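First the structure, in the form of structure tokens, and then the observations on it.
Each reported figure results from applying straightforward, stated rules to the coordinates on display, with no laboratory input. Computed from a predicted structure; not experimentally measured. Cβ: placed from backbone, ideal geometry, glycine included. Neighbour counts: every protein chain shown.
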Amino acid sequence: MNRESIFIRNANSALLTLEPYVAGPTLEDIMRTPRTTHEQIIKLSSNENPLGPSPKAIETIQKAAPRVSLYPSAKCERLRKAIASALGQGLMTDNILVAAGSSEIFSFIIRAFSKPSDKILFGNPSFSVYGDAAIVDGRVPVPISLEEPLFDITCSDIENQYGGTARILFITRPNNPTSRLVPLGEVRKICKLAKDAIVVCDEAYIEFAEDYRNVTAINLLSEFGNLLVTRTFSKAYGLSDLRVGYAVGPSEAIEVLFKIRPKWNNGELSQEAAIAALSDTEHLKKTLATVREGRRFLSSHLSEMGFEVTADPQGNFVFASPSPLGVRAEYLLKELMTRGIAVRGPPADWKLNYLRISVGMEVQNEKVVTAIRDLVHR
């Protein structure tokens, strides 16, 4: 790094030491693996929808393509109305903010509702973007260590770290990478404890949870004025590439967040595709059935092999440790990649001896289990 460069001298000092986020391998990355053909690739590293997007969304994108020369709706009125209608609970358009993925919204929330040097709390292991956004915006990230075997964040954990000084608490439900769901009762306790802070429930994977409409924190919005819920169209709706996420909360919170959000943040194609995806309830139902069956399959077979599988996964992925077998997760990660199978694990993602395996199609799940069984029994 050229320290004489004016860009380095003038850079936000936090950025010079911040480690870049390590995304999962792309199809192109996996294709570079020697002796791997496109037909052999099994990408179970990014928690993507195994069925892909709704056919209605694809058709809508094709129809809307000729309009890409026009500026999109700056406030995404139609999409926000569709989201509010789909969620119910008496929510209105002014309770919804749409942005380019829920990850972007985390930064909006930090900038809108905290000041430099304020504390931002979140679990560890969890989604690393919370800490990154806090550092970039001059806040103090406070990771709360989550203990094996369940990695659950509790009100007691937060009470020990909160001290009344934290401004924002991120609760990931289901948690990434552990796939555990913080119960609504615990969220209620946290909201009461941190009544002078903003509690953000990141529900990127909530649709994959059993009985998700009854366990979502959206059910608590009418009870607590310090709660925000974020969701995404990247996972259950299969629109990762189009970057559509949203926040749900009190209208006064949404009004403030809109002042930070770039004015043409979501293009016409992404807005129209998201509306179409919401309307395709059959595709969502099929997606959830596929994921829940695949989740059971992976959990049961990994457990039978001797893995320590984190109990009761609720995301579209499982978190499992080969420690009882005396095997290193890093070894499995690398060996699976030589076979064209991508999952997530150490050392880039976390120091724990665990793999995070996304749920794929039935044949993909069977192949990854077969490959892992072969590797652990060598």
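Structure values in brief
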{"item": "Chymotrypsin sites (Phe, Trp or Tyr not before Pro), loop per DSSP, at most 13 other Cβ atoms within 10 Å - longest free stretch of the chain", "result": "22-263"}
{"item": "Region 147-205 and region 107-141: distance between their alpha carbon centers, rounded to Å", "result": "14 Å"}
{"item": "Amide H partners (placed H, <5 Å) of R139, local residues excluded", "result": "S117"}
{"item": "Potential extension, E335-V68 segment - 0.36 nm per residue separation minus Cα distance", "result": "91.8 nm"}
{"item": "Pairwise FRET efficiency - H377 versus E252, Cβ, R0 = 45 Å, nearest 0.05", "result": "0.15"}
{"item": "Förster radius 45 Å - calculated FRET efficiency between D29 and Q161 (Cβ-Cβ, nearest 0.05)", "result": "0.75"}
{"item": "Full-extension gain in nm, F297 to K351, via 0.36 nm per residue minus C-alpha separation", "result": "16.8 nm"}
{"item": "Ranked T290, T165, criterion: other C-beta atoms within 10 Å, fewest first", "result": "T165, T290"}
{"item": "Translational diffusion of region 24-145, µm² s⁻¹ [Kirkwood Rh, Cα pairs; Stokes-Einstein; 20 °C; 1.002 mPa s]", "result": "115 µm²/s"}
{"item": "Where GluC sites (Glu not before Pro) in DSSP loops with at most 16 other Cβ within 10 Å are excluded, longest remaining stretch of the chain", "result": "224-378"}
{"item": "Compactness index (Cα Rg / 2.2 N^0.38 Å), region 55-279", "result": "1.00"}
{"item": "Inter-label distance for A289 and Y21, nm, one decimal - labels placed 7 Å from Cα along Cα-to-Cβ", "result": "3.3 nm"}
{"item": "For the chain, alpha-carbon Rg relative to the globular expectation (2.2 N^0.38 Å, N residues)", "result": "0.99"}
{"item": "Region 118-127 - phi-based ³J(HN,Hα) in whole Hz, Karplus 6.51/-1.76/1.60, Gly and Pro as x", "result": "5, 8, 10, 9, 6, x, 9, x, 6, 5"}
{"item": "Backbone HN-Hα couplings from phi across region 194-204 [Karplus 6.51/-1.76/1.60, Hz, Gly and Pro as x]", "result": "9, 5, 9, 10, 8, 9, 10, 8, 7, 10, 4"}
{"item": "Calculated FRET value between R213 and N10, using beta carbons and R₀ = 35 Å, to 0.05", "result": "0.10"}
{"item": "Summed residue charge, Cβ within 15 Å of E148's Cβ, Lys/Arg positive, Asp/Glu negative", "result": "-2"}
